[in-house]
Amino acid sequence: MTTSESITGGISIVAIVISIIAYLQNLRIEKRQLRIEKLEEMLEITHTLMGNYEYFDDTFFLKNKLLLDKKTNDVDKEKYIKQVKELIKISESINLQNKLTRLFVLNNSYLPKKKLKEKIGVLITIYTCIARNTISEPFNKIKLPFNDFPKRWDFSEFTQEIQNELIEEMDLGYKNSIDKKNTYDQEFKKRYNLK
């Protein structure tokens, strides 16, 4: 074997090793990017659920009021029936059943066994129970894992906690990015002379 053949062979081996390393690194980056996309999808679903929870909470409150108050009149019953119909429309428009199922799958596929996974599991169970109480069984008292539900502000706080933990799970260097407070709104109003 000549020197030039040895050099060519050595260069070929180095090129193959570099290609294998690059392939493995690309595979790892693609896997991480896919996981980040799935965590972003979880953020989107939790945001949608949080934004619509108040309608379920209001309807559940009316249901309890009707079930507890034996002297309810037809106007209250009619108001409740109308609210249940609106809630069904909202559930269909946000595709509630698919969102809860998708969140369940993503939670069990892309999160390790940690407290965050359990929190999301509780969120799914709460939402499933309140939906069953208000949409599936609007006139009956039923026994489910959750028969009492957090108020909208508590649910919002819990969901924001989950969202911030999802952002941390992405490992992009951000923490506590989701917050109710927006300090820029006053500056914006002043800038455009808004009240």
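If you roll a 1.4 Å probe over the chain with all protein chains in place, what percent of the accessible area is carbon or sulfur?
It is 56 percent, rounded to a whole number.
In whole percent, what relative contact order does the chain give with Cα contacts below 8 Å and a gap of six or more residues?
25 percent
Using a Förster distance of 30 Å, how high is the FRET efficiency between Glu78 and Phe188, based on the Cβ-Cβ distance and rounded to 0.05?
0.10
I'd like the FRET efficiency for Leu106 and Leu172, computed as 1/(1 + (r/R0)^6) with the beta carbon distance as r and R0 of 22 Å, rounded to 0.05.
E between Leu106 and Leu172, to the nearest 0.05, is 0.80.
Hand me the GluC sites (Glu not before Pro) from the range 10-84 located in a DSSP loop with no more than 16 other Cβ atoms within 10 Å, in residue order please.
On the way: sites: Glu30, Glu37, Glu40, Glu41, Glu44, Glu54, Glu78; in loops: none.
Of the GluC sites (Glu not before Pro), not one in the loops of the range 10-84 has a Cβ with at most 16 other Cβ atoms within 10 Å.
State in Å² the accessible area per residue of the range 93-139; use a 1.4 Å probe, count heavy atoms of protein chains only, and round to the nearest integer.
52 Å²
Per DSSP H run of n ≥ 4, the term is -39500 (n - 2.57); total these for the chain, divide by its residue number, and report the mean residue ellipticity at 222 nm rounded to 500 deg cm²/dmol. Kindly include the intermediate steps, with their values, before the conclusion.
Working: 6 runs with 145 residues, N = 195.
Mean residue ellipticity at 222 nm (helix-derived): -26000 deg cm²/dmol.
Using a simple charge model, +1 on the beta-carbon of Lys and Arg, -1 on the beta-carbon of Asp and Glu, nothing else, what dipole does the chain show about its Cα centre, in debye to the nearest 20? Intermediate results must be reported in sequence, preceding the final value.
Details: 33 positive and 28 negative charges, 128 e Å.
Its charge dipole is roughly 620 debye.
Please report, in debye to the nearest 20, how large the charge dipole of the range 5-75 is about its Cα centre when each Lys and Arg carries +1 at its beta carbon and each Asp and Glu carries -1 there. Could the numbers behind the result be given before it?
Numbers: 9 positive and 11 negative charges, 57 e Å.
That gives a dipole near 280 debye.
If you average 1/r over all unlike Cα pairs in the range 1-86 and invert the result, what Kirkwood radius do you get in angstrom? Walk me through the numbers on the way to the answer.
Working: mean 1/r = 0.0525 Å⁻¹.
Averaging 1/r across every pair of different Cα atoms and inverting gives 19.1 Å.
What aspartates and glutamates sit close enough to Lys79 to cross-link, taking a C-alpha to C-alpha distance under 17 Å and skipping anything fewer than 8 places away on the same chain?
Those aspartates and glutamates meeting the cut-off are Glu54, Asp57, Asp58, Asp69, Glu137.
From the cross-link list Lys31/Lys119; Lys65/Lys89; Lys114/Lys151; Lys63/Lys141, which pairs have alpha carbons spaced over 20 Å apart?
Lys31/Lys119; Lys65/Lys89; Lys114/Lys151
Give me the percent of Cα-Cα pairs in the chain that sit more than 23 Å apart, rounded to a whole number.
Percent of Cα pairs beyond 23 Å in the chain: 60.
The values are calculated or read from the model by the stated rules, or taken from the named source; none is laboratory data. What you are looking at is a predicted structure, and each value in this text was computed from that prediction instead of being measured. A quick note on method: Cβ atoms are made from the backbone with ideal geometry, for glycine too, and the neighbour counts reach across all protein chains shown. Each accessible area value is taken on the protein alone, full model and side chains, heavy atoms only, with ligands, DNA and RNA left out. Shrake-Rupley method; radii C 1.70, N 1.55, O 1.52, S 1.80 Å.
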